[in-house]
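Peer 1: Pasting a structure below so you can have a look.
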Amino acid sequence: MREKPRLSLKKVLTVVMASSLCVPGFHVGLNGGTTSFSSSLAQRSSKVDVFDPDRQREVSVESEDLIISLTRVEPCGDCGGGKSFTFEVKDKRRATKSFFTIRNDTAQVDEIVIVNPSRAVVVGSVSGTVRIVNVIDLRAGAVVDHFYCHFPSVYGQFIAYVKFTPRYSTQPGWWSAVYLVYDATASPMQNRLHYRQGLENHENVGIPIYPPENVERRVYYPVISGEEEAHQLASDGLFWLREGVVAFVDRWKKANHLVVVDVGSGIVRPKVKVKTIDTWAVLDLAQCEETEHPENLIYVQEIHLLEEKAGYVRLHFTPRDSCLRISTLDLPIR
């Protein structure tokens, strides 16, 4: 099956920023300053509260061997984001310094993640709804790949995210989510389904992990026939339960589903488990203002493993109405 034709980035971003693309609120990953490498060990999720590129915050990260810091931001007329970002890399063991620069559509730097001594990931923003992931070869001091996405979440070598999908003005008023994973230790071409696309394609990047149709057919675009089959992210991002295992909530066919994906043995053939969330157990419909589509009132703020209950995860709900029956729900994932 043939992929949909690409739009120019300028046209795509114009459409995205002008559209009503439903993207739940982001959370700050910088905490007003420095991002610690050891923080949020169980959940490396790069989220942003405010898109304000005119007030770039300090961003740095430290591991046992390295310290990487954003040291210089300069205007850049031929950069899509209007700026170039220079980073300093300090090798603590060797007492050396090196530098790399990002010159692309990145308008704001949000987080740096050290993957290993030779790889780092710089997550930034292109606009208020579009994120950009830059994969850095630290030994070469260069950006070896970058791509656009929504809700990027980094843990270890893996980056999970929702495929960048603008609402084209010629299409119906709905969209459908496709969830992907990128392996930062693999080559850029190994992170693309079709070698013929080349590295100049920064939209169709990563390996699909859900829905099943995208995994089986190895395609990036949504495999649906209408709005009633559309997939929507119903959690506040994608949550790493541990390295190689990511969880999120997908709304599909008037129900919410906990999706747990294990890519520890490889991202090409992920192991997927799906658990339906019982709408009636979560909501007291007698107290709901909206009863025609009650599934839309369920939104998951956080997902994490339960230490005291092996094989279970706990979902924390965000009230979108005053009719929640419970605030948390434990579900088995074995």
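Peer 1: Please name which of GLY266, LEU283, GLY244 has its Cα lying farthest along the dipole of the stretch 240-290 towards the positive end, using unit charges on Cβ (Lys, Arg +1; Asp, Glu -1) and the Cα centre as origin.
Peer 2: In the stretch 240-290, that residue is GLY266.
Peer 1: Which peptide among 48-56, 177-185, 115-123 comes first, and what is the full order, when sorted by highest mean count of other Cβ atoms within 10 Å? Present the calculation step by step, with values, prior to reporting the outcome.
Peer 2: On the way: 48-56: 13.4, 177-185: 22.3, 115-123: 19.4.
The most tightly packed comes first, giving 177-185, 115-123, 48-56.
Peer 1: Under a point-charge model restricted to the Cβ atoms of Lys and Arg (+1) and Asp and Glu (-1), what is the dipole moment magnitude of the stretch 202-334 relative to its Cα centre, in debye to the nearest 20?
Peer 2: It works out to roughly 640 debye.
Peer 1: Output the pairs from LYS273/LYS309; LYS92/LYS271; LYS163/LYS271; LYS163/LYS273 with a Cα-Cα distance over 29 Å in this structure; if there are none, say none. Don't jump to the answer; show the numbers that get you there.
Peer 2: Details: LYS273/LYS309 18 Å; LYS92/LYS271 38 Å; LYS163/LYS271 19 Å; LYS163/LYS273 20 Å.
Check vs 29 Å cut-off fails for LYS92/LYS271.
Peer 1: List the pair-distance distribution P(r) of the stretch 189-259, using every Cα-Cα distance, as the percent of pairs falling in each 10 Å bin from 0 up to the bin containing the longest distance, rounded to whole percents.
Peer 2: 17, 42, 34, 7
Peer 1: For the stretch 76-157, count all C-alpha to C-alpha pairs, find those more than 20 Å apart, and express that count as a whole percent of the total. List each step's numbers first, then the result.
Peer 2: Details: 1038 of 3321 pairs.
Considering the stretch 76-157, 31 percent of its Cα-Cα pairs are separated by more than 20 Å.
Peer 1: Give me the accessible area of GLU243, 1.4 Å probe, in Å² rounded to the nearest 10.
Peer 2: 100
Peer 1: Based on the mean of other Cβ atoms within 10 Å per residue, sort peptides 100-106, 140-146 so the most packed one is first. Numbers along the way, then the final one.
Peer 2: Values: 100-106: 20.4, 140-146: 15.3.
Ranked from most to least packed, the peptides come out as 100-106, 140-146.
Peer 1: Using only the heavy atoms of the protein chains and a 1.4 Å probe, how would TRP175, TRP252 rank by accessible area, largest first?
Peer 2: On the way: TRP175 25, TRP252 75 Å².
So, going from the largest accessible area down, we get TRP252, TRP175.
Peer 1: In square angstrom, what is the accessible area per residue of the stretch 87-219 with a 1.4 angstrom probe? Walk me through the numbers before you get to the answer.
Peer 2: Working: 4600 Å² over 133 residues.
Roughly 35 Å² per residue, with all protein chains present.
Peer 1: Taking the square root of 5 times each eigenvalue of the Cα gyration tensor, what semi-axes in Å does the equivalent ellipsoid of the stretch 154-277 have, largest first? Let's see the in-between values first.
Peer 2: On the way: eigenvalues 96, 77, 27 Å².
Values for the stretch 154-277, descending: 22, 20, 12 Å.
Peer 1: Okay, moving on. Quick one: what does P(r) look like for the stretch 223-334 with 10 Å bins over all Cα pairs, in whole %?
Peer 2: In order of increasing distance, the bins hold 14, 44, 31, 10, 1 percent.
The values are calculated or read from the model by the stated rules, or taken from the named source; none is laboratory data. The model shown is predicted, which means the values in this text are computed figures rather than measured ones. Note: ideal-geometry Cβ built from the backbone for every residue, glycine included; neighbour counts use all protein chains shown. Remember, those area values only see protein heavy atoms, side chains included, never the ligands or the DNA or RNA. Shrake-Rupley method; radii C 1.70, N 1.55, O 1.52, S 1.80 Å.
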